[in-house]
Amino acid sequence: MDDDDICTGCQRTGTEIIQWGRLSDDQRRAILALCEARARDQGLWLCATDNKGNLA
């Protein structure tokens with residue numbers, strides 16, 4: 001966890017991690033979108049694509 005209570009691996013907050021097992025799929029998808037945004041903001045987002053830009 002960093003100084004902002006965000007996991008440096010998965011980018012979820014401590015609260016999100018604790019609540020994860022009780023969340024609906026829609027709630028989990030919303031959190032994962034936040035995780036992606038957090039990772040992108042920190043320059044940590046990696047996305048594998050082929051030479052045409054399609055997801056691999």
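The values are calculated or read from the model by the stated rules, or taken from the named source; none is laboratory data. Bear in mind the structure is a predicted one, so any value in this text is a computation, not a measurement. Ideal geometry is used to build each Cβ from the backbone, glycine not excepted, and the neighbour counts take in all protein chains shown.
Structure summary
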quantity	calculated
Residues that are exposed (fewer than 13 other Cβ atoms within 10 Å of the Cβ) and closer than 19 Å to ASP41 by Cα, drawn from the range 5-29	ASP5, THR8, GLY9, GLY14, ARG29
Breaking point among (1) modelled with pLDDT of 90 or more; (2) loosely packed, with under 12 Cβ neighbours inside 10 Å, for ALA56	(1)
Every residue from the range 1-19 that is closer than 15 Å to ALA37 by Cβ and either touching an Asp or Glu at 6+ places or on another chain (Cβ under 7 Å) or not β-branched (Val, Ile, Thr) (or both)	ASP4, CYS7, CYS10, GLN11, ARG12, THR13, GLU16
Cross-chain or 6+ apart pairs with Cβ under 8 Å, the range 24-37 first and without any contact (Cβ under 8 Å) to a residue 40 or more places away in the chain and within 17 Å of GLY9 (Cα to Cα), then among the hydrophobic types (A, V, I, L, M, F, W, C) and part of a helix (DSSP H, G or I)	ARG28/TRP20; ILE31/TRP20
Selection count, the range 1-46, where residues are in contact with a Cys (Cβ under 7 Å, 6 or more places away or on another chain) and not in a loop (DSSP other than H, G, I, E, B)	2
